[in-house]
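Contents: one structure, followed by commentary.
The numbers here are math on the coordinates, done by the rules we state, and not lab data. The structure presented is a predicted model; accordingly, all values stated were derived computationally and were not measured. Note that each Cβ is placed from the backbone with ideal geometry, even for glycine, and that neighbours are counted across all protein chains shown.
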Amino acid sequence: MDMDLNTLLVALMFVTILSMGIGNILVGLADIFNHATASRRDRVHIGWIVFLLIVHLNMFWHTKALLEVEGWQFAGFLLTIAGPALMFFATSILLTPPPDDEADLVSFFVGLGRRFFMMFAVLQAWIVLVSYTMTKTVQINDYFNIAMMVLAIILGLNARPRVQTAGIWTAWLLGLASIAVKWTGTAT
């Protein structure tokens, strides 16, 4: 396979940033699961961390689409790298450890959630934009990403525990359905 040097550089940068996010998530999960004491994160928060790992791995798989692009320009490079960067920022927000002296963990995680969900909503918008830019059509998976963006906005605005619990279940359903559609070849 003969590949343009710019294509290779874009793919390497894309994979490098994604790998940093994957590494951060794995370190965060190891920290959660290795403590002798109970984690200060609830199940919903851990559910989002694991979900974000799946999102990273799914995006990592899409690196091969970058290899098909010819004639990279700087604007296309910036648009392409914005996604892994947004995921890295979302991961960093989500993995922020609660301070040891934080008495009110609920308010800490509510503030964290607002920032995370807004970043996650922007990430979903980026995914739809890149998909449309590359295909010039709206794909079935774009509807899943639009639904995920709406869900993230709702969760960022509503911190009630019941809404957050329903939100993580909905996110997992949307995410798994999107992956299933993609992998069964019915995404067009």
| remark: Listed residues THR165, THR91, THR137; largest mean-square fluctuation, Gaussian network over the chain with Cα springs below 10 Å, found at THR137
| query | If you average the sequence gap of Cα pairs under 8 Å that are 6 or more apart and divide by the length of the chain, what percent do you get for the contact order? | reply | 23
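Give the shape of the range 8-131 as rounded, prolate or oblate, defined through the alpha-carbon gyration tensor: a ≥ b ≥ c are the square roots of its eigenvalues, a/c under 1.5 means rounded, and otherwise the shape is prolate if a/b is larger than b/c and oblate if not. Spell out each step's value before the answer.
Details: a/c = 2.96, a/b = 2.08, b/c = 1.43.
In terms of gyration-tensor shape, prolate.
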| remark: If each part is reduced to its alpha-carbon centroid, the range 48-110 and the range 111-188 end up apart, in Å, by 13
| task | Could you size up the charge dipole of the chain around its Cα centre, putting +1 on the beta carbon of Lys and Arg and -1 on that of Asp and Glu, and report it in debye to the nearest 20? | result | 520
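What FRET efficiency comes out for the pair THR170/ARG115, r = Cβ-Cβ distance, R0 = 22 Å, nearest 0.05? List each step's numbers first, then the result.
Values: r = 20 Å, r/R0 = 0.91.
Computed FRET efficiency for THR170 and ARG115: 0.65.
For the range 13-94, calculate the relative contact order in percent as a whole number, restricting contacts to Cα pairs under 8 Å that are 6 or more residues apart. Don't skip to the answer; put the middle values down first.
On the way: 40 pairs, mean separation 50.1, N = 82.
Worked out over the range 13-94, it gives 61 percent.
Using only the Cα atoms of the range 123-188, build the gyration tensor, take square roots of its eigenvalues as a ≥ b ≥ c, and label the shape rounded, prolate or oblate: rounded if a/c is under 1.5, else prolate if a/b is larger than b/c, else oblate.
oblate
Over the range 94-188, what is the relative contact order in percent, taking alpha-carbon pairs closer than 8 angstrom and at least six residues apart?
On the way: 70 pairs, mean separation 26.6, N = 95.
Averaging sequence separation for qualifying contacts and normalising by length gives 28 percent for the range 94-188.
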| task | Have a look at ARG115, ARG43, ARG162 and tell me which one the Gaussian network model of the chain (Cα, springs below 10 Å) gives the largest fluctuation. | result | ARG162
| Of MET149, MET20, MET134, the one that fluctuates the most in a GNM where the chain has Cα springs shorter than 10 Å | MET134
| query | Rounded, prolate or oblate: which one fits the range 66-188, using the alpha carbon gyration tensor with axes a ≥ b ≥ c (rounded when a/c is under 1.5, else prolate when a/b beats b/c, else oblate)? | reply | oblate
